[in-house]
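Visitor: Here's a structure for you.
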Amino acid sequence: MFKERLDKVLKEMEKQNIPQIIISDSASIFYLTGKWIHPGERMLVLYLNTNQNCKLFINELFPLNDDIGIEKVFFNDADDPIKLLSKHIEDGKTLGIDKNWSARFLIKLMEFKNNCSFVIGSKIIDKIRMQKDFKEIELMRQSSKINDIAVKKLIEFIPQKFTEKKMGKILLDIYEELGAEGYSFDPIIAYGANAANPHHSPGNSTVKEGDSIIIDIGCIKDSYCSDITRTIFYKKVSDEAAKIYNTVLEANKRAIDKVKPGVKFCDIDAAARNYIENAGYGKYFTHRTGHSIGIEVHEYGDVSSTNNDKLDVGMIFSIEPGIYVPGITGVRIEDLVVVTEDGCEILTKSDKALTIIE
C-alpha cells in the first residue's frame, strides 16, 4: 500500500518536472511510510528523487528499526543535518520544498545548494492525499462512528449545567472510553451569545434557557480524524432562532445533494451560500462551507467560492454552513461526506432535526 502511494508521488513529480522533493510534514511521512515521527525542533526529511534515490533523514533519538522500504540516514545532535542532507541532493536541479519546512533549515540548505531551483512541492502529495483509498475510507467511517456516539453522550450532560470548559474535559473522557486517541482539534462548545462566534474557545459560561448550543467536536481513531457539528437548544427556541436553524439545515442538505464526481468545490459552496443569502442571512455566513479531512483534520482542498478543483471519487470533506447573528443566535450544522461513483456517502449519522433539550 505504501509503495503504491510512493509510486503515485514519484509519477506526479515526473509529470510536473520536479525531479527531487523534500517532505518534512509528519502526517505526509506517515502517509508514505506508515510511521509516525514527531521530531520536535530536530530535522526530519523524507527526500524523494525520481531516479528512485529515496532516503529518510532522521535523528537517532527516534529509533526506527522496521523496514519501511526506504533507506534511512541517521544523524545525531552533534551532526550538521543540513550539511548531511545537502550531500544527497542533486546539484543544478529543481528541488521541491515542503510548505511547512522551517526557514531555519531551508535558508541554510539554499546556501549549500545555491545552484538548485527551489519551489513549493507540497501540492504534489497534498492532492494525492485528498483522494482516499478503500482502507482510509473505512478508517474514516470508524472515526466518525465514534464521534456520533460521543456527541450524543456529551449532549446528555448539558442539563447538568457544566461550564463549556468542563464539557470539553468530559468529552475527552468520553473519547477515551470509546477507544479514540484524543481530540482531532480543540473542541468548540458554545452557549448562547458565544455561539455567534464561529471559533469560540470554551470558557466558564453555563447554559441558560433559550440558548443555542454549538457542539463542534472531533476525535482521532487509528490516526484518522473525524469532525461533526450539531446545534441544539436548551428548553425553548425563539421563532427567529428556529428560522435560522432551518435555513442552515436546508443549506447543509442542498450542498450535500450537490456532491458527485466532476462537480467543482465552489459549486458546493454556492449551493449552501446562495440559499442562506436568499433567506437574508448572507452577511452572517462568515466562513467557507467546508474543508478536506483525513490524517489531519484540515487537509489540502476546501469547499470555498475560490476553489475551482473538481471532485473525484474517494475525496472526503466537511459541509458546515452556519449563521452567526450577534445578540440572537449562532447555528452551524456539519457533516463529513465521501465522494462515491454517483454521489456521496454521509459519514456523520447523528440526527439533524431541530432539537430542544430539557
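The values are calculated or read from the model by the stated rules, or taken from the named source; none is laboratory data. Because the structure is predicted, anything quoted here is derived from the model rather than measured. When we count neighbours, we look across all protein chains shown, and the Cβ atoms used for this are built from the backbone with ideal geometry, even at glycine.
Visitor: For the condition within 24 Å of the chain's Cα centre (by Cα) and at pLDDT below 95, what is the one hit in 2, 30, 62? Walk me through how you get there before you give the answer.
Guide: Numbers: 30 fails: at pLDDT below 95; 62 fails: within 24 Å of the chain's Cα centre (by Cα).
Checking each option against the conditions leaves just 2.
Visitor: Which one of these does residue 114 not meet: (1) in contact with a strand residue (DSSP E or B) (Cβ under 9 Å, 6 or more places away or on another chain); (2) not β-branched (Val, Ile, Thr); (3) not assigned by TED's automatic domain parsing to the domain that holds residue 344?
Guide: (1)
Visitor: For region 178-192, what are the residues that are surrounded by 14 or more Cβ atoms within 10 Å (Cβ to Cβ) and either within 23 Å of the chain's Cα centre (by Cα) or modelled with pLDDT under 95 (or both)?
Guide: 178, 180, 181, 183, 184, 185, 187, 188, 189, 190
Visitor: A further question on this structure: So, in region 147-170, exactly how many residues are in contact (Cβ under 8 Å) with a residue 24 or more places away in the chain, touching a Phe, Trp or Tyr at 6+ places or on another chain (Cβ under 7 Å) and under 25 Å from residue 224 (Cα atoms)?
Guide: Residues of region 147-170 that are in contact (Cβ under 8 Å) with a residue 24 or more places away in the chain, as a first pass: 147-152, 154-155, 158-159, 161-165, 167-168.
Those left that are additionally touching a Phe, Trp or Tyr at 6+ places or on another chain (Cβ under 7 Å): 150, 158, 164, 167.
Remaining after also requiring under 25 Å from residue 224 (Cα atoms): 150, 167.
Number satisfying all stated conditions: 2.
Visitor: Restricting to region 38-69, and then to whatever is in contact with a helix residue (DSSP H, G or I) (Cβ under 7 Å, 6 or more places away or on another chain) and more than 19 Å from residue 97 (Cα to Cα), can you tell me which residue is surrounded by the most Cβ atoms within 10 Å (Cβ to Cβ)?
Guide: 68
Visitor: Tell me, please, whether a residue that is over 25 Å from the mean Cα position of the chain (by Cα), farther than 22 Å from residue 203 by Cα and of a type outside the set (Phe, Trp, Tyr) can be found in region 116-124.
Guide: Taking every residue of region 116-124 in turn, at least one turns out to be over 25 Å from the mean Cα position of the chain (by Cα), farther than 22 Å from residue 203 by Cα and of a type outside the set (Phe, Trp, Tyr).
Visitor: Quick check: anything in region 336-346 touching a strand residue (DSSP E or B) at 6+ places or on another chain (Cβ under 6 Å) and either part of a helix (DSSP H, G or I) or farther than 19 Å from residue 138 by Cα (or both)?
Guide: no
Visitor: Tell me yes or no: at least one residue of region 205-215 is under 25 Å from residue 146 (Cα atoms), under 18 Å from the mean Cα position of the chain (by Cα) and buried (at least 17 other Cβ atoms within 10 Å of the Cβ).
Guide: Within region 205-215, one or more residues are under 25 Å from residue 146 (Cα atoms), under 18 Å from the mean Cα position of the chain (by Cα) and buried (at least 17 other Cβ atoms within 10 Å of the Cβ).
Visitor: Within region 94-104, can one find any residue that is assigned by TED's automatic domain parsing to the domain that holds residue 9 and more than 23 Å from residue 38 (Cα to Cα)?
Guide: Looking for residues that are assigned by TED's automatic domain parsing to the domain that holds residue 9 and more than 23 Å from residue 38 (Cα to Cα), one finds at least one in region 94-104, hence yes.
Visitor: Considering only residues that are outside any strand (DSSP E or B) and either under 30 Å from residue 15 (Cβ atoms) or in contact with an Asp or Glu (Cβ under 8 Å, 6 or more places away or on another chain) (or both), which ones fall in region 65-80?
Guide: Passing the criteria: 67, 68, 69, 70, 76.
Visitor: What pairs come out if I take residues in region 60-76 that are within 13 Å of residue 33 (Cα to Cα) and pair them with residues that are exposed (fewer than 12 other Cβ atoms within 10 Å of the Cβ) whose C-beta lies under 7 Å away, six or more apart or interchain?
Guide: 69/3
Visitor: Being among the polar types (S, T, N, Q) and under 10 Å from the mean Cα position of the chain (by Cα) is the filter here, so list the residues in region 289-337 that pass it. Please lay out each step first, then the result.
Guide: First, pick out the residues of region 289-337 that are among the polar types (S, T, N, Q): 289, 292, 304-308, 318, 329.
Matches in region 289-337: 292, 318.
The rows are residues; the columns are (1) of a type in the set (Gly, Ala, Ser); (2) in a loop (DSSP other than H, G, I, E, B); (3) more than 20 Å from residue 86 (Cα to Cα).
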site	(1), (2), (3)
3	no, no, yes
11	no, no, yes
30	no, no, yes
36	no, yes, yes
39	no, yes, no
51	no, yes, no
63	no, yes, yes
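Visitor: Of the conditions (1) touching a residue at least 60 places away in the same chain (Cβ under 8 Å); (2) closer than 30 Å to residue 236 by Cβ; (3) polar (S, T, N, Q), residue 131 satisfies every one except a single condition; which number is it?
Guide: Of everything listed in (1) touching a residue at least 60 places away in the same chain (Cβ under 8 Å); (2) closer than 30 Å to residue 236 by Cβ; (3) polar (S, T, N, Q), residue 131 misses just condition (2).
Visitor: Within region 255-288, track down each residue that is under 16 Å from residue 325 (Cβ atoms) and hydrophobic (A, V, I, L, M, F, W, C).
Guide: Of everything in region 255-288, those that are under 16 Å from residue 325 (Cβ atoms) and hydrophobic (A, V, I, L, M, F, W, C) turn out to be 276, 279, 285.
Visitor: Among the residues of region 331-352, write down those that are more than 11 Å from residue 230 (Cα to Cα) and of a type outside the set (D, E, K, R).
Guide: 336, 337, 338, 339, 340, 343, 344, 346, 347
Visitor: Further question on the same structure: Can you tell me which residues in region 111-131 are more than 14 Å from residue 9 (Cα to Cα) and either in contact with a Pro (Cβ under 9 Å, 6 or more places away or on another chain) or of a type outside the set (Val, Ile, Thr) (or both)?
Guide: 111, 112, 113, 114, 115, 116, 117, 118 - these are the residues of region 111-131 that are more than 14 Å from residue 9 (Cα to Cα) and either in contact with a Pro (Cβ under 9 Å, 6 or more places away or on another chain) or of a type outside the set (Val, Ile, Thr) (or both).
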